[in-house]
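The values are calculated or read from the model by the stated rules, or taken from the named source; none is laboratory data. All values derive from a computational prediction rather than experimental measurement. When we count neighbours, we look across all protein chains shown, and the Cβ atoms used for this are built from the backbone with ideal geometry, even at glycine. Heads up: the accessible areas ignore ligands, DNA and RNA and are worked out on the full protein's heavy atoms, side chains in. Shrake-Rupley method; radii C 1.70, N 1.55, O 1.52, S 1.80 Å.
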Amino acid sequence: MARKKLMAANWKMYKTPQQAQEFLRAFLPLVEGHSRDEIAICPPFVCLPAVVEALAGQSIGVGAQNLHWEKEGAYTGEVSAGMLVAVGCTHVIIGHSERRQYFGETDETVNRKLQAALAAGLTPIVCVGEVLQERESGLTEDVLRRQCQRGLRGISGDQARTLVIAYEPVWAIGTGKTATPQIAAEAHVVIRAEAAKALSKAVAEDMRILYGGSVKPDNAKALMSEREIDGALVGGASLDPKSFAAIVKW
Ligand code: PGA
């Protein structure tokens, strides 16, 4: 059975609650009736309630960009999975390369966060991907295998039914350089094979693997037409309603 694509907006550290509502006022009419793909918006934490409210009655997901693995406690500045669920979140991005690069996220913290997200019933979007130097040294497959093996450690196929993985080659994020559909598809095959080993073949077959890294309205069709690519995680081009709607409707 064909996997339903997920088109997710990663707003990173952009937009206030008011700007998020303005975005949705413009965006919703543009995607009205669009049911071919699933859509999710991942704004900064402080925008989550406003986005949930503006999307009431719509079948569009709302995701956070991070979470902490503990339920509660003395962890200044952190937000738990249960708190995200309580404000109406459905999705959460885990292990984005910017968090790995600037905030010390490791495969081990990704694994703990993934366990917490799944236990809370959130749909996790786990990010993996190689940096340029790794690609140029022929290490892409090794990096993807390691990130998947460690990230998925101890998780059963049953638990992981909602799991989404995003392949985001770091050299393509915010750089305007996009992986070709072939490069992405090759990476997706490696990721799916690792997921099959870690979870089960059936779960891996149904699992969506998104591509992220400079997805734009003019390259979305070529990428999304590739059988191995099950959606997109879109940064810069998701900040403008017309541009994100054009990507969603590739
Ligand atoms: P980009 O970001 O679309 O701006 O390259 C993608 C991401 O980081 O998720």
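General observations
- Region 178-210: number of residues that are touching a Leu at 6+ places or on another chain (Cβ under 9 Å) and part of a loop (DSSP other than H, G, I, E, B): 5
- Residue 206 being of a type outside the set (Lys, Arg), more than 9 Å from the ligand (Cβ to nearest atom) and open to solvent by 10 Å² or more (accessible area, probe 1.4 Å): yes
- Candidate set from region 211-241 (those that are within 11 Å of the ligand (Cβ to nearest atom) and in a strand (DSSP E or B)); member that is surrounded by the most Cβ atoms within 10 Å (Cβ to Cβ): 211
- Unmet criterion (only one of (1) part of a loop (DSSP other than H, G, I, E, B); (2) open to solvent by 60 Å² or more (accessible area, probe 1.4 Å)) for residue 85: (1)
- Criterion violated by residue 90 - all others in (1) over 22 Å from residue 238 (Cβ atoms); (2) under 14 Å from the mean Cα position of the chain (by Cα); (3) of a type in the set (Ser, Thr, Tyr) satisfied: (1)
- Just one of (1) more than 12 Å from the ligand (Cβ to nearest atom); (2) open to solvent by less than 50 Å² (accessible area, probe 1.4 Å); (3) of a type in the set (Phe, Trp, Tyr) fails for residue 244. It is (1).
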